[in-house]
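Here the structure comes first, spelled out in structure tokens, and everything after it is commentary.
The values are calculated or read from the model by the stated rules, or taken from the named source; none is laboratory data. None of these values were measured; they are calculated from a predicted model. All Cβ positions, glycine included, derive from the backbone under ideal geometry; neighbour counts span all protein chains shown. Protein only, heavy atoms only, side chains kept; ligands, DNA and RNA dropped before computing areas. Shrake-Rupley method; radii C 1.70, N 1.55, O 1.52, S 1.80 Å.
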Amino acid sequence: MLDAKTRLVAAREVVENVRTKAFWIGILIFPLILVLSIVIPTLLEKSRSARVYTVIDQSGWLLEAIDKRAALPDLEKVFRHALELKRSDDEKSQAEFEALPEQLRQTILQLEMALPMVKAQLGDDVELSDAESKVLEGFAATISGLSGPRGERLRSMVPEAAMAELEGLRNAVRDWWQELPSDEAKAFGGAVTKDRYVRQDPPPGDGDALIEQLNQMVLDEDLFAYFIIGDDPVNGERPIKYVSENLTDEDLSRWFGNLATEAVRDVRLQEKEIDPDLAQWLQAPVQVESKKIGSGGEEEVDDTDRVRQWAPVAFVYLLWIAIFSIAQMLLTNTVEEKSNRIMEVLLSSVSPLQLMIGKIAGIAATGLLMVVAWMVFLVLAVKGLPLLMSNQPAVDLTSIATDTFYLGSFVIYFLLGYLFFASLLVAIGSVCNSLKEAQNLQSPVMMMLMVPLFAMVPIAQDPNGPLAKFLSYVPPFTPFVMMNRAAGPPAPWEYVATTLLLIVSVVFVMWAAAKVFRVGILMTGKPPKISEILRWIRVPVGTVAVRRDD
């Protein structure tokens, strides 16, 4: 327990720091950075202009096949969104459904009728959601007119009764979707292809004159890029040419190339008269099913389990920020009070040890207030920010952010890590007369703090590997590494062993810091060298350390 004078020093530190602007800025800076790191990329992505491109198709068929495939995911989103509106009991959703074009509403009615038939066709062991995904893709393939083995396979999921109706609606729905402006298209399930890529017809002309005109349009930024498809893409004698001034943004090139590959592959299968079912079987990837070992043996692995595996990395980063910023606050406070001669006044009433422990405890209490505020903001952000995003996360992040094991480990390792590094920095601050001098002496401490950041990802990938186990027993790294290994998790005896080692290290560092603080806090002039500081630590208590000029 702290004695009365030490508690008074600690209380003074809390009051003095809470009253400063730096404290409130420290509380607000983390949530501000958290919000901006999510909101700004989202806004930048939304404000990103569509990539306008054109295509010269010398094959006569590939561009049309690509357009049909490009429409497939968009139409699937449209159908899914409209189906959700149709099923909703909300009056607003029902009004939105009634406002949809007649041909789209008719398609959704056919879709609802087809779902039970598809589920019955697939068998009782198939969930309705799986059947729904298949029939949605089948409807999209029918409307887009997708051909080839994949188109035949997808359309086979659509019952014949619905297929006849879809054939009549095909052109109407397709024309409506192609003419729909991209800003209106985003209302159907978020981002769609036409919001990112816009194809326009090439200008009139041919030959070199047309190429020169397209090049000039790219230079004038009227076009982002253009493609030239050769006359025989199936045999691949000439690659598809992609021309753009921006070669760092490969999204358009990759997207167009993938669609072209799928279309050409279908034609090759047809030319070789390969059965579609055989082609599907040949191209089917080998499924790898992840399992985890629980109390009852093997258990299913879901998205939440995968996120939890990486959740400690976020806690480690927050732990690093907390320890670094709050220990840095202690260093700055110590140097400023020494340079302002406030320390001399305080030492007239308390001993150097009481002053040092009081300052460490007071800043620790201030830091805990900041950390609690950060955790509250983190939980609120996890709950609120997904509401601002078009695609809602499939994982309940709130349960991870409020996990008692993670939060308990975080508080324990924050306190022990803070005490370790705070003791080092308060000793450094006691021998320095200015922040510039302190920055030079704290460089080794900063290098120690950087190691856990560099090791975060390798440790998260192998939390019980040799690197993780080795660094767990190096006291400066123990709080960060053990927090990082929480998803492993380590064996209970490792928690006990590393925590005991860390506590012993904290006691030793505080003892050494107290001896340095006792001598350095009233010292002025040139800061001591490392060798001189080490000599102070070896001097027995009660002996006055004499400074020597080397």
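Quick notes on this structure:
- Among (1) modelled with pLDDT under 90; (2) surrounded by 11 or more Cβ atoms within 10 Å (Cβ to Cβ); (3) part of a helix (DSSP H, G or I) - the single one GLY205 does not satisfy: (3)
- Filter pass, SER49 being modelled with pLDDT under 75, on the phi < 0 side of the Ramachandran plot and of a type outside the set (Val, Ile, Thr): no
- Sub-7 Å Cβ pairs linking a first residue in the range 323-341 that is closer than 8 Å to GLY429 by Cα and touching a residue at least 12 places away in the same chain (Cβ under 8 Å) to a second residue that is assigned to a helix (DSSP H, G or I) and open to solvent by 20 Å² or more (accessible area, probe 1.4 Å), at least 6 apart or interchain, are LEU331/ILE428; THR332/LEU435; VAL335/LEU435, ordered by first then second residue.
- LEU28 being in a loop (DSSP other than H, G, I, E, B), open to solvent by 50 Å² or more (accessible area, probe 1.4 Å) and among the aliphatic types (A, V, I, L, M): no
- Considering residues of the range 436-462 that are surrounded by 15 or more Cβ atoms within 10 Å (Cβ to Cβ) and touching a residue at least 40 places away in the same chain (Cβ under 8 Å) only, the residue farthest from TRP511 (Cα to Cα): ALA460
- Residue within the range 175-193 that is farther than 24 Å from ALA82 by Cβ, open to solvent by 20 Å² or more (accessible area, probe 1.4 Å) and modelled with pLDDT of 80 or more present: no
- Of all the residues in the range 27-39, those that are modelled with pLDDT under 75 and either among the aliphatic types (A, V, I, L, M) or over 21 Å from the mean Cα position of the chain (by Cα) (or both) number 4.
- Taken residue by residue, the range 414-423 has no member that is assigned to a helix (DSSP H, G or I), at pLDDT below 85 and polar (S, T, N, Q).
- Total residues in the range 334-353, condition assigned to a helix (DSSP H, G or I) and surrounded by fewer than 22 Cβ atoms within 10 Å (Cβ to Cβ): 11
- Any hit, the range 435-443, residues being in a loop (DSSP other than H, G, I, E, B), under 28 Å from the mean Cα position of the chain (by Cα) and at pLDDT below 85: no
- Test for ILE66: is it open to solvent by 40 Å² or more (accessible area, probe 1.4 Å), of a type in the set (Val, Ile, Thr) and within 33 Å of the chain's Cα centre (by Cα): no
- Whenever a residue of the range 154-183 is farther than 22 Å from LEU115 by Cα, its partners that are assigned to a helix (DSSP H, G or I) and at pLDDT below 80, lying with C-beta atoms within less than 6 angstrom and at least six residues away or across chains, give the pairs SER182/LYS194; SER182/ASP195.
- Answer residue from the range 146-166, given it is part of a helix (DSSP H, G or I) and within 20 Å of ALA284 (Cα to Cα) and is most open to solvent (accessible area, probe 1.4 Å) among those: GLU152
- In the range 485-494 there is no residue matching the filter, namely being open to solvent by 30 Å² or more (accessible area, probe 1.4 Å) and either in contact (Cβ under 8 Å) with a residue 40 or more places away in the chain or touching a strand residue (DSSP E or B) at 6+ places or on another chain (Cβ under 9 Å) (or both).
- Top-ranked residue in the range 237-269 [being hydroxyl-bearing (Ser, Thr, Tyr) and over 27 Å from the mean Cα position of the chain (by Cα); ranked as farthest from PHE224 (Cα to Cα)]: THR261
- Residue count for the range 492-507, restricted to those that are within 19 Å of ASN464 (Cα to Cα) and of a type in the set (S, T, N, Q): 2
- Among the residues of the range 72-99, just one is part of a helix (DSSP H, G or I), open to solvent by 20 Å² or more (accessible area, probe 1.4 Å) and of a type in the set (A, V, I, L, M, F, W, C), namely ALA95.
- Subset of the range 216-254 (residues that are assigned to a helix (DSSP H, G or I), surrounded by 13 or more Cβ atoms within 10 Å (Cβ to Cβ) and in contact with a Lys or Arg (Cβ under 8 Å, 6 or more places away or on another chain)): LEU252
- Tally of residues being modelled with pLDDT of 90 or more, more than 23 Å from GLY207 (Cβ to Cβ) and not charged (D, E, K, R) across the range 225-255: 3
- LEU8 vs. criteria more than 30 Å from ARG265 (Cα to Cα), touching a helix residue (DSSP H, G or I) at 6+ places or on another chain (Cβ under 8 Å) and open to solvent by 60 Å² or more (accessible area, probe 1.4 Å): yes
- Of everything listed in (1) modelled with pLDDT under 90; (2) open to solvent by 30 Å² or more (accessible area, probe 1.4 Å), the single unmet condition for TYR197 is (2).
- The range 359-380 residues that are free of Cβ contacts under 8 Å to residues at least 24 places away in the same chain, paired with ones that are open to solvent by 20 Å² or more (accessible area, probe 1.4 Å) and not in a helix (DSSP H, G or I) (beta carbon under 9 Å, 6 or more apart): VAL379/THR402
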